[in-house]
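Contents: one structure, followed by commentary.
None of the figures in this text is laboratory data; all of them are computed from the coordinates on show. What you are looking at is a predicted structure, and each value in this text was computed from that prediction instead of being measured. Because the Cβ atoms are built from the backbone with ideal geometry, glycine has one as well, and the counts that use them run over all protein chains shown.
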Amino acid sequence: MTPEFEDEYRRRQRARAKVTAWILGALVVLFFAIAIARMG
Amino acid sequence: MASPTVPMAPALPAEWRDFLALTKPRVMTLVVFTALCGLLAAPVRIHPILGFTAILCIAVGAGASGALNMWYEADLDARMKRTRGRPLPAGRMDRQSALHFGVALGVGSVLLMGLAVNLLAAAILAVSILFYVLVYTVWLKRRTPQNIVIGGAAGAFPPLIGWAAATGRIELLPVLLFLLIFLWTPPHFWALSLFVSTDYAAAGVPMLPVVAGIQATRRQVMLYTLPMAAAAIAPWPLGMTGAIYGIAASLLTAWFVLLAVRVGISRETDQKLMRPERALFKFSILYLFILFGALVVDRLVLA
């Protein structure tokens, strides 16, 4: 594994982790909002 | 006999943009729009959060269908100019990731729809995903030139799901909207397949122009436009919509029929010069957007 390859590997991993975190955060907010809406 | 061990080069993980590409975002636009129109045209007002959740589930379900379609058709996509840049044929992603992604989106969207909105909408969403993947992609697409006639039903579900999400019922108007998209799909796709048929022929997909010829396809485009026109205008005389939708549907459908007739009488065989086919294909997308938009405006005014 060359240093360039490893850098690219890590960059993609970080980008995917960030997107996954945003999606999970959005789902938390959505589930909370759904719970409030259904109770109303 | 043991196979010799070949050192494998480590593969780069796919970019998140490639996962997004698997969901066919451009196709999703029309799906989301028609679903939203089905939801807004319903006589019952749904809570905005639940309405948003329903549309999100329909979009994610459509994305799941797209991802599973690309997973199954990677070999086919690699043989077509239009699709060989997709993540799987281009080698930017492994097939298993696409399969896992598609299944996760599909299961997640149906579960969320069932838990947050209602079971009827979740059931129709599940049927639409399974229909697109199993009936269209796996069963029909490589076997029969009627693939998009029956497979078109998969794309016709969104307004029905939107309506079911708002009301918890299925009524005649959303069934007519289903029928409209179902009957719109053949002229829409066959117009496209006429000017990209060499691509389909190279991939071995039995699209109508490849199997039955260009003139037979042009006749079918004209013939399918007639029942489509009936389904588009029917809500007005049946008293389900007012004049806003009725006049818009009549004018737009008359223009659609005119373009379909131009395709029907064309004798052009050079794909680059097939202007009536390109015009019909482009207008068919606009047609559905304006028609559904007019339906929502009409129903909101009536309400």
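Arrange B:L115, B:L173 by Cβ neighbour counts within 10 Å, fewest through most, would you? Show your work: numbers first, answer last.
Values: B:L115 15, B:L173 22.
Neighbour counts put them in this order, fewest first: B:L115, B:L173.
Using the Karplus curve 6.51 cos²θ - 1.76 cosθ + 1.60 with θ = phi - 60°, work out ³J(HN,Hα) for each residue of region B:56-63 in order, rounded to whole Hz, and write x for Gly and Pro.
So the Karplus estimates, Gly and Pro as x, are 4, 5, 5, 5, 5, x, 5, x Hz.
For the protein assembly as shown, what Kirkwood radius comes out of the mean inverse Cα-Cα distance, in Å? Show your work: numbers first, answer last.
Working: mean 1/r = 0.0460 Å⁻¹.
Answer for the protein assembly as shown: a Kirkwood hydrodynamic radius of 21.7 Å.
For every other residue with a beta carbon closer than 14 angstrom to the beta carbon of B:A249, add +1 if it is Lys or Arg and -1 if Asp or Glu, then tell me the sum.
Values: positive: B:R299; negative: B:D298.
Counting the neighbours of B:A249, the net charge comes to 0.
Of all trypsin sites (Lys or Arg not before Pro) in region B:167-254, which ones are in loop regions per DSSP and have a Cβ with at most 15 other Cβ atoms within 10 Å? Walk me through the numbers on the way to the answer.
Numbers: sites: B:R169, B:R218, B:R219; in loops: B:R169.
When the trypsin sites (Lys or Arg not before Pro) of region B:167-254 are filtered for loop state and at most 15 Cβ neighbours within 10 Å, B:R169 remain.
Within 10 Å of each residue's Cβ, count the other Cβ atoms and sort B:R26, A:R10 from fewest upward.
Numbers: B:R26 8, A:R10 11.
Arranged by neighbour count, lowest to highest, B:R26, A:R10 become B:R26, A:R10.
Mind jotting down a quarter of the surface of the convex hull over the alpha carbons of region B:6-144, in square nanometres, one decimal?
Working: hull surface 41.3 nm².
The orientation-averaged projected area of the Cα hull of region B:6-144 comes to 10.3 nm².
Apply the a/c threshold of 1.5 to the C-alpha gyration tensor of region B:90-158 and tell me whether it is rounded, prolate or oblate.
On the way: a/c = 3.16, a/b = 1.16, b/c = 2.72.
Here region B:90-158 falls in the oblate category.
Compute the separation of the alpha-carbon centres of region B:156-222 and region B:51-68 and state it in Å as a whole number.
For region B:156-222 versus region B:51-68, the Cα centre distance is 20 Å.
Show that you can apply the helix-only estimate: for the protein assembly as shown, add -39,500 (n - 2.57) for every DSSP H stretch of four or more residues, divide by all residues, and state [θ] at 222 nm to the nearest 500. Let's see the in-between values first.
Numbers: 14 runs with 252 residues, N = 343.
Taken over the protein assembly as shown, the calculation gives -25000 deg cm²/dmol.
Taking all pairs of different Cα atoms in chain A, averaging 1/r and flipping that mean, what Kirkwood radius in angstroms comes out? List each step's numbers first, then the result.
Numbers: mean 1/r = 0.0815 Å⁻¹.
Kirkwood radius, chain A: 12.3 Å.
Given axes a ≥ b ≥ c from the Cα gyration tensor, I'd like to know whether chain B is rounded (a/c under 1.5), prolate (a/b larger than b/c) or oblate.
Details: a/c = 2.41, a/b = 1.20, b/c = 2.01.
Here chain B falls in the oblate category.
Among B:H47, B:H188, B:H100, which comes first, second and so on when ranked by fewest other beta-carbon atoms within 10 Å?
Working: B:H47 16, B:H188 25, B:H100 13.
With the sparsest Cβ surroundings first, the list reads B:H100, B:H47, B:H188.
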